[in-house]
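Heads up, the thing below is written out as structure tokens.
The values are calculated or read from the model by the stated rules, or taken from the named source; none is laboratory data. Only a predicted model underlies this, so the values are computations on that prediction, with no experimental measurement involved. Backbone-built Cβ (ideal geometry, glycine too); neighbour counts: all protein chains shown.
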Amino acid sequence: MKTLVLDSHALLAYFEKDAGWEAVSQLLQEASEERCHLVLSAINWGEVYYITLREYGEEYARKVAQTLSHMPVEIVDATQELALHAARLKARGGLSYADCFAAGLAKMKKHSVLVTGDKEFKRVADEITIHWV
């Protein structure tokens, strides 16, 4: 079964019905049917939460967090190994540290694919496979 790493950009697009949200919705459906495995770094979970909190307030941020807890998405803790992958990507430059956790998770989980619409990830496309939404 293929593993797909969600970036916060993909989830924010889904929740805000922005460009690419239908593709993310389709992946969530596939995950619920156990046709793929979706993962999200705890760092990127926090990024989704703080952006939602900043843009829409506490009540909506709680709803998003609650919804995420019922989605077929595994939240992966930020281990020392993941932090090392993220740090190495950050040292290359051009990505936020939170984005480096998404890319690092995709790199750490062999044969996985990063799901994003954030064009900044073009900088690491030589190291990870990207599914653009």
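Structure data summary
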read-out	value
Where Ala83 falls short, out of the listed (1) touching a residue at least 24 places away in the same chain (Cβ under 8 Å); (2) surrounded by fewer than 21 Cβ atoms within 10 Å (Cβ to Cβ); (3) of a type in the set (A, V, I, L, M); (4) closer than 20 Å to Ile128 by Cβ	(1)
Flag if Glu34 is farther than 17 Å from His131 by Cα and either part of a loop (DSSP other than H, G, I, E, B) or in contact (Cβ under 8 Å) with a residue 60 or more places away in the chain (or both)	yes
Region 68-80 residues that are farther than 15 Å from Tyr49 by Cβ, paired with ones that are of a type in the set (Ser, Thr, Tyr) and outside any loop (DSSP other than H, G, I, E, B) (beta carbon under 7 Å, 6 or more apart)	Pro72/Ser32; Val76/Ser41
Any hit, region 15-22, residues being surrounded by 15 or more Cβ atoms within 10 Å (Cβ to Cβ), at pLDDT 95 or above and in a helix (DSSP H, G or I)	yes
Residue list for region 56-74, restricted to those being of a type outside the set (Lys, Arg), over 20 Å from Leu27 (Cα atoms) and in a helix (DSSP H, G or I)	Tyr56, Glu58, Glu59, Tyr60, Ala61
Some residue of region 50-65 being modelled with pLDDT of 95 or more, surrounded by 12 or more Cβ atoms within 10 Å (Cβ to Cβ) and within 20 Å of Lys122 (Cβ to Cβ)	no
Selection count, region 75-118, where residues are closer than 18 Å to Gly46 by Cβ, in a loop (DSSP other than H, G, I, E, B), in contact with a strand residue (DSSP E or B) (Cβ under 9 Å, 6 or more places away or on another chain) and not small (Gly, Ala, Ser)	1
Among (1) buried (at least 16 other Cβ atoms within 10 Å of the Cβ); (2) of a type outside the set (A, V, I, L, M); (3) touching a residue at least 40 places away in the same chain (Cβ under 8 Å); (4) more than 13 Å from Ala102 (Cα to Cα), the one test that Lys2 misses	(1)
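The rows are residues; the columns are (1) at pLDDT below 95; (2) among the basic types (Lys, Arg); (3) surrounded by 15 or more Cβ atoms within 10 Å (Cβ to Cβ); (4) more than 14 Å from the chain's Cα centre (by Cα).
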site	(1), (2), (3), (4)
Ala91	no, no, no, yes
Gly117	no, no, yes, no
Arg123	yes, yes, yes, yes
Ile130	no, no, yes, no
